[in-house]
Amino acid sequence: MSEQYEPNIVAFLCNWCSYAGADLAGTSRVHYTSNLNVIRVMCSGRVNPLFAVNALQQGADGVLVSGCHPGDCHYMEGNYYARRRFALMRELLEFIGVEPERFNMSWVSASEGAKWKDVVEEVVEKARKVGPFDQFRRNKINW
Amino acid sequence: MNNNKPKIGVYVCHCGVNIAKTVDIEAVRSYAESLPYVKVARNYSYMCSDPGQLLIKEDIAEEGLNRIVVASCSPRMHELTFRKTLAEGGLNPYYLEMANIREQCSWVHEDSEEATSKARKLVAAAVAKARLLEPLEEKEVEVEPATLIIGGGIAGIQAALDIAGAGFKVYVVEKTPSVGGKMSQLDKTFPTLDCSACILTPKMVDVASHPNIELLTYSQVEDVQGYVGNFEVKVRKKARYVDIDKCTGCGICAQECRLAGRIPSEYEAGIGKRGAIYLPFPQAVPAKFTIDPESCLYLTRGKCGKEPKCVEHCSLGAIDFEQQDEFVEFKVGAIIVATGYDVFDASRKPEYGYQDYDNVLTSLELERLVSASGPTGGEIVLGKGEEAFVPKEVAFIQCVGSRDASCGNEYCSRVCCMYTAKLAHLIKEKVPDSNVRVYYMDVRAFGKGFEEFYDRVRREGVRYIRGNPSEVFKRDGKLVVKAEDTLTAKPLEDEVDMVVLSVGLEPRKDTREIIDLLRLSQSSDRFYLEAHPKLAPVDTATDGVYLAGCAQGPKDIPDTVAQAKGAASSALILLASGKVNIQAQISVVNEATCRGCGYCVEICPYGAIEMGEVNRFGHIVSVAKVNEALCKGCGACVAGCFSGSIQQKSFKDRQILPQIAVLGVVK
Amino acid sequence: MVDLEKLRNAAKEIVSQDDVKYLIGWRDGTFGFRISPHFMESPEEADKLIFSPLCTNNLATYLTMAEKLPIPRGEEPDRRKVAVMVKGCDSRAVVQQLVEQGTNREEVYIIGCPCEGVVDIKKIEKKFPDVLESVEARWENGQIVLKLPGGEQSFPREEVLAQKCLTCRYPNPVLADTVLWDEVEVLGVEEYEDVKELEGMDSKERWAYWQDKISNCIRCYSCRNVCPMCYCEDCVLERLNPTWMFRSVNVAENTAYQLARAFHLAGRCIECGECERVCPVDIPLMKLNRKLYKEVQEDFQFEPGLDPESKPLQASYRPDDKEDFIL
């Protein structure tokens, strides 16, 4: 591991709360680290936990899934399903030896631009601490 | 077909300096040009401007582009703009993918190198997805030409009158026995000092008599199903125990009620009293009496003397203790939420002694006290009987429950400064030899005529003392306001006869119920969240549901009326066009691989999926079927499908997986 | 008590019913300790049926595997029942299939066989590596008796039973149209000792453990094919478009495959242990499944395959589900 190691995080954000919250962080010119890249989905319920496995496999050092706070889901229940699925996947990944620091979930509402910054920094910091992911990283990658 | 092989155009926006300041636009553009399937990569100062959009349209025509990637601001900002551009350029609007290099890149990263490399990644991910986009079709559904308005205050009334005036049916559902809301409790309105009742009551009457308006007072919305244009509403009409058709509003029952004058009146903010059968206020609409089931002796104890007095004295036989709640169901195309606000409960600031001392009043109580229709007939008198006196020394305390994180309300309630000025003026008018002072943090006189009015009140002798009192206590029978004049740094102990707490506005206690009913969200101040704070302040995240008045945040009457008219106009656009486009990015089932497990049916929050049968080589097998009008495109079913047989258009697994790959690989 | 006479008579009767298409049971295998499924269409075939400690196979798998040949126009599909013999664990597979509509209650006839536990074929083949002749076995006084070429030998259950049977809490069918003999005593207690042992390690040790196992995977997909809950017509884990994972055999793809398989079984696995039994490279797959089984039980108070009316775990939620892991 070089000193220069910078973790690469793939994040899945729901359109209505977390993506809007991340936009708000931008509008408010809150500065944070650039290690996290966002894929927008309509609802955290859309995020298949296997996306997280796939991301780790394909080069991410950590994953974040972020949705609306419980009860605030734009689609009423999507985040509840996401929560249950990710609770299971988290246990599973941890059990085969993936550090739990790599696998994160958060609730960030459309008004929580400041929280978004905190979440990003925390997720990146956690991934930085555990180092590059190399457990089941794919060697050659085509896309 | 022309569209088979992707030919992608990438457009990198400078957004003036907003993006260009931190992101090396040319580096991103030339990188984009090198990506597979990218035919054209350009940059432009403002892609959303006419010339920017024209650039895309020209390239579609001349270069034969069939996928467009715009790297600019958030898709929440301009996705619709560029979809329209594509459509105008002759391309299916869903062949658009955006890379958010402003809100989530240039604005949040300071280092130019980092921002540029992230922008490159985001553009590459967008290109990877864009090449797999599919054309989608937006379907139309009919709109039910009717509107539901929840709340019969001035916001609901105004919106109802506007929509009804345009010729559409309106249902107004009001929780209390009368429309009118908080405005009906006010004496005068600032800064013009119009009589509140004089300007409101005609509108209340209009609402009741308008042929297009169906007024459901003392009612509550129980259930809302369906979607924009086609909401199915169920309303509970609570039992009034009075037959509305028979009641003429003569009021003899109320005079005779055994509890007459013994129940705190909601309308009088608790300082006046009513009976168990009551009319909230003389100008109530409808002018029909209601029995309060929580206080009525007959309803709570099953016995009221020999026979309830109201029954005895109602010559029309309108009293009906057997009455039950009724349910009405109807369909509407749009819904306006105008549920208003609650007044801050002053007992949550115990240091001001609201609960301990009789002569500490809230501003709303004072409002009733100075009102000619109030319990004292407009005379400012405190105490009862022999103890009654006219307060001469009066102190207002501002920002009670506003701008105060300790009680969870960080926001400014926007009306308190001005209603305080108004009330101070009214006190000076009625008790000319009184001394009125206002303890304030800042005076916010931002509206039309506000500053002038504030000046006038000060000239009338109202003293403004900058300082937030720490305590109100009693000494030798007098109220003492303890404060510090922060302008002179002088501690004060001010002896007064009356303290008025200028209480703020809070979200309704039942906000959560409406949120669950209509799938709305709250902003951090707990009021309903609008779709966009600036550009869509009356819309909500739920299509076809609009906000009006203080439900969205504290407002004065002109702002409330303006927003109500805005909400009415939004609803009318929907109703007048008669059609609405439904979500195109909805779920679709691959019936060939669906294993019929029904997980998606269980998961769907909208009941949009049900099992249907298909014939697979003679075998009847059950597979999931999506009701396109009900599907909202959340994709929760997709992630729950083990066989990947249900997919969300534009968010298919095969479109997201390449994005993941790019974000993982590209450095 | 297992009564073969009773079993065969019942089978004859059931398969003779007009509304039964065929019956799936167990029969002697062709060599060693292996036994075969027996698909019986007429009563004459009943004599081959057996039920012994060697009947590890979960026959519920076949309910979803029936090939659906195209039906000529004008002909009706055969909607008669399939009768299936089930042990306790197998019956849970049927129940879970009913929950997920993989099996139709009207089209299945469940013959319950309370079971004292079946052998771990891998353990026993290690003990007797060169047995080629078909072996018979029976339960006797809490022991397992094997009729080996050299004569009968008796073993305590702890020595030869499959791990899943030693911890089995459901040896009796949870759902059956007929139960062949008296219920057996529940002896198993699940302590998840092996799972806890792994949990006690740190991430690196755990990964070392799994990497060692998973790197052996040859992606034969036997674990998936044998699983009574894996009945998708077209498995996403093998699909090319979109490609969730490559078919190539290496640690990265193998791990992704095993994670996905285990995840798809979360809240659905009924612990029949078939995946682990058929794995040719001895990956302890049930550890993954049981880890999730444990979490599902602890976090969501849910056990699959017990109630045909229950809602699937992954298609339901409770607003107060645990969320201590959320930032």
Relative contact order of chain A: what whole-number percent is it, with Cα pairs under 8 angstrom and at least 6 residues apart?
37
Interface buried area A-B, accessible surface with 1.4 Å probe, both sides summed, nearest 100 Å², comes to 4600
With contacts defined as alpha carbon pairs under 8 Å and 6 or more residues apart, what's the relative contact order of chain C in percent?
18
Residues meeting the amide H criterion for A:Gly62 (H placed from the backbone, H to H distance under 5 Å, 5 or more places apart or on another chain) are A:Asn8, A:Val10
Shape box of the stretch C:204-327 [Cα atoms, principal axes, largest first, Å]
40, 36, 31
Let me know the mean shielding of C:296-309 by other chains, meaning the per-residue number of their Cβ atoms within 10 Å of its Cβ.
1
Distance violations [Cα-Cα > 27 Å] among B:Lys238/B:Lys303; B:Lys625/C:Lys21; C:Lys126/C:Lys294:
B:Lys625/C:Lys21; C:Lys126/C:Lys294
Which angle from 0 to 90°, rounded to the nearest 10, does the C-alpha axis of helix B:557-577 make with the longest principal axis of chain B?
40
Positive minus negative residues near B:Ile656 (Lys, Arg vs Asp, Glu; Cβ under 9 Å)
+3
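Find the sum over both chains of the accessible area lost when C and A are paired, probe 1.4 Å, and report it in Å² to the nearest 100.
That pair hides around 3900 Å² of surface in total.
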Provide the per-residue ³J(HN,Hα) series for the stretch B:445-462, in order, calculated from phi with Karplus coefficients 6.51, -1.76, 1.60 and θ = phi - 60°, each as a whole number of Hz, with x at glycine and proline positions.
10, 9, x, 5, x, 6, 4, 4, 5, 4, 4, 4, 5, 5, 5, 6, x, 6
Treating the Cα atoms of the stretch B:392-445 as identical point scatterers in vacuum, please give the log10 of the normalised Debye intensity I(q)/I(0) at q = 0.29 Å⁻¹, two decimals.
-1.12
Once phi for every residue in the stretch C:143-152 is put through the Karplus expression 6.51 cos²θ - 1.76 cosθ + 1.60 (θ = phi - 60°), the whole-Hz ³J(HN,Hα) values, with Gly and Pro written as x, are 10, 9, 9, 10, 9, 8, x, x, x, 6
Classified through the alpha carbon gyration tensor (a ≥ b ≥ c as square roots of its eigenvalues; rounded if a/c is under 1.5, else prolate when a/b is larger than b/c, else oblate), chain B comes out oblate
Over all alpha-carbon pairs of the stretch B:166-248, lay out the pair-distance distribution in 5 Å bins, whole %, shortest bin first.
3, 12, 16, 19, 19, 14, 9, 5, 2
For chain C, what is the accessible area per residue in Å², given a 1.4 Å probe and the full set of protein chains?
44
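Calculate what fraction, in whole %, of the accessible area of chain A sits on carbon and sulfur atoms when a 1.4 Å probe is rolled over the protein chains. Kindly include the intermediate steps, with their values, before the conclusion.
Working: 1820 of 3940 Å².
It is 46 percent, rounded to a whole number.
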Please report the carbon-and-sulfur percent of the accessible area for the stretch B:571-629; probe 1.4 Å, protein heavy atoms only, DNA, RNA and ligands left out.
52
Go through B:97-104, A:23-30, B:337-344 and give me the packing order, highest mean Cβ count within 10 Å leading.
B:97-104, B:337-344, A:23-30
What span do the alpha-carbon atoms of the stretch B:587-649 cover on each of the three principal axes, reported in whole Å from largest to smallest?
34, 21, 20
May I ask you to derive the relative contact order of chain B, considering only C-alpha pairs under 8 Å and at least 6 residues apart, and to give it as an integer percent?
13
Average accessible surface area per residue within chain A, 1.4 Å rolling probe, Å²
28
Quickly work out the B:Lys478-to-B:Gln255 label distance, labels modelled 7 Å from Cα along the C-beta direction, and quote it in nm with one decimal.
4.5
Relative to the compact-globule scaling 2.2 N^0.38 Å, provide the ratio for the alpha-carbon radius of gyration of the protein assembly as shown.
1.14
Can you give the log10 of the normalised intensity I(q)/I(0) at q = 0.08, 0.11, 0.13 Å⁻¹, computed with Debye over equal Cα scatterers of chain C?
-0.40, -0.76, -1.06
Plugging the Kirkwood radius over Cα pairs into Stokes-Einstein for chain A, at a temperature of 20 °C and a viscosity of 1.002 mPa s, what D comes out in µm²/s?
141
Excluding B:Asp559 itself, what net charge comes from residues whose Cβ is under 13 Å from its Cβ, given Lys and Arg +1 and Asp and Glu -1?
+3
Keeping every protein chain in place, order C:Cys220, B:Cys250, B:Cys304 by accessible area at 1.4 Å, biggest value first, i.e. largest first.
B:Cys250, C:Cys220, B:Cys304
So if I restrict to the alpha-carbon atoms in the stretch B:8-136, what is the Rg, and what is Dmax, the biggest pairwise distance, in Å?
13.1, 39
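For the stretch C:109-213, what does the alpha-carbon gyration tensor say about shape, rounded, prolate or oblate, given a ≥ b ≥ c as the root eigenvalues, a/c under 1.5 as rounded, and a/b over b/c as prolate?
oblate
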Expected integer from the mean partner chain Cβ neighbour count at 10 Å over A:12-18 is 3
Neighbour cut-off at most 14 other Cβ (10 Å), DSSP loop, trypsin sites (Lys or Arg not before Pro), the stretch B:429-532:
B:Lys448, B:Lys509
Where a ≥ b ≥ c are root eigenvalues of the Cα gyration tensor, a/c under 1.5 meaning rounded, otherwise prolate if a/b exceeds b/c and oblate otherwise, the stretch B:307-361 counts as oblate
Residue-count net charge about B:Glu513 - beta-carbon cut-off 14 Å; Lys, Arg +1, Asp, Glu -1:
+3
Pull up all non-local amide H partners of B:Glu591: gap of 5 or more, or a different chain, and H-to-H distance under 5 Å with H placed in the peptide plane.
none
Tell me, what ³J(HN,Hα) does each residue in the stretch B:81-97 have, in order and in whole Hz, if you take phi through Karplus 6.51 cos²θ - 1.76 cosθ + 1.60 with θ = phi - 60° and put x for Gly and Pro?
4, 6, 4, 5, 4, 4, 4, 5, x, x, 10, 4, x, 8, 8, 9, 9
So who's got an amide H within less than 5 Å of the one on B:Thr362, skipping anything under 5 residues away but keeping other chains? H placed 1.01 Å off N, in plane.
B:Leu501
I want the antiparallel fraction of DSSP beta bridges within chain C, as a percent rounded to 5.
65
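Across the residues of A:30-39, average count of Cβ atoms on other protein chains within 10 Å?
Values: counts 2, 5, 4, 4, 14, 2, 3, 12, 8, 9.
Averaged over the peptide's residues, the number is 6.
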Loop-resident sites, the stretch B:267-340, for trypsin sites (Lys or Arg not before Pro), counting at most 12 other Cβ within 10 Å (DSSP):
B:Lys303, B:Lys306
Which GluC sites (Glu not before Pro) does the stretch C:184-232 hold that lie in a coil by DSSP with at most 13 other beta carbons within 10 Å?
C:Glu185, C:Glu191
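The values are calculated or read from the model by the stated rules, or taken from the named source; none is laboratory data. The shown structure was predicted, so the numbers you read here are calculated from the model rather than taken from an experiment. Quick reminder, even Gly has a Cβ in these numbers, built from the backbone with ideal geometry, and neighbours come from all protein chains shown. When the accessible area is computed, the model is the full protein with side chains, heavy atoms only, and any ligands, DNA or RNA have been set aside. Shrake-Rupley method; radii C 1.70, N 1.55, O 1.52, S 1.80 Å.
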